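Derivation of every value follows stated rules applied to the coordinates shown; laboratory data play no part. Owing to the predicted nature of the structure, the values given are computational and were not obtained by experimental measurement. Glycine also receives a Cβ, built like all others from the backbone with ideal geometry; neighbour counts cover every protein chain displayed.
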Amino acid sequence: MAVGEAGKLYPKTLEDEAQGRATWFLYRAKRYPEAERLLKGELALLKKQSALTTLAAADALNDLADVHCRQRKFQEAETEKKQSIEIKTNLIAKKLLDPDTNPTDWALADLALENFIEMRDKTASKTFRTKKKLDHFLEAALPGIYLPLYTMVTFTRIPYAEAARRGRRQDRIVYVSLVIATVSILVLSIWVVRSLAS
């Protein structure tokens, strides 16, 4: 990029930063109608620039969904969240379909998408929280043998592709073990009841 081009982009970057701060200020001040107008203006500008499939559009839609949630416009918020997720999914897919993409990039994109879905849908689930507690228990009980996916990705040098494979394998083992244990307890309970009844 030539110096002249960078100079042309600098004011636009400052403008974007100022608009982001203004939106955040309005949101924090609970001035939702003003924040909504500002975000809709940003989306209209992105549409005019044929840039509604960019990360900026996804972020603006996500912010607008938050504003609409605060205004109790849940139907609109849900639609905007879905549009934001669709744009981000398409951006990840475009990156992945590039033939020069490294397998580690594929794994990283998969992990990012899984994390996004997990944070969006699963964190409020009791089953999910129980699984996380079980992960911590197994990590403490089997140090060096069992590592949760989060630990492998965040605190080790295990490549992302290997961490994802190992995490899926560990999950399968844990789920199969839980099913076997549950079935065994059920069969044993039935056997004890029948033994006592006869």
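Can you give me the C-alpha center-to-center distance between region 177-192 and region 70-95, rounded to a whole angstrom?
43 Å
Quote the FRET efficiency, to the nearest 0.05, computed for W106 versus D171 with a Förster distance R0 of 25 Å and r equal to the Cβ-Cβ distance.
Working: r = 19 Å, r/R0 = 0.77.
After rounding, the FRET efficiency stands at 0.85.
Please compute the modelled spin-label separation between I180 and Q71, points set 7 Å along Cα→Cβ, answer in nm with one decimal.
Going from the Q71 label point to the I180 one covers 5.6 nm.
Over 29 Å between Cα atoms: which of K73/K131; K88/K126; K88/K122; K94/K132; K81/K131 fall into that group? Don't jump to the answer; show the numbers that get you there.
Working: K73/K131 33 Å; K88/K126 27 Å; K88/K122 19 Å; K94/K132 32 Å; K81/K131 26 Å.
From the list (K73/K131; K88/K126; K88/K122; K94/K132; K81/K131), the Cα-Cα distance tops 29 Å for K73/K131; K94/K132.
Find which of A140, S184, T130 sits farthest along the positive direction of the dipole of region 124-198, computed with +1 on the beta-carbon of Lys and Arg, -1 on that of Asp and Glu, about the Cα centre.
Among A140, S184, T130, the one farthest towards the positive end of the dipole of region 124-198 is T130.
Residue by residue, what Karplus-based ³J(HN,Hα) values in Hz, rounded to whole numbers, does region 150-156 have, using 6.51, -1.76 and 1.60 with θ = phi - 60° and x for Gly and Pro?
4, 5, 4, 6, 8, 10, 10
Pop a pseudo-label 7 angstrom from the Cα along the beta-carbon direction at both S198 and L55 and give the gap in nm to one decimal.
Placing both labels 7 Å beyond Cα along the Cβ direction yields 6.7 nm.
How big, in percent, is the set of alpha carbon pairs in region 124-198 lying more than 15 Å apart? If you can, show how the numbers build up before the last one.
Values: 1817 of 2775 pairs.
Distances greater than 15 Å cover 65 percent of the Cα pairs.
Short version: ³J(HN,Hα) in whole Hz for each residue of region 60-68, in order, from phi by Karplus 6.51 cos²θ - 1.76 cosθ + 1.60 (θ = phi - 60°), x for Gly and Pro, what are they?
Values, residue by residue: 5, 5, 5, 5, 5, 4, 4, 4, 5 Hz.
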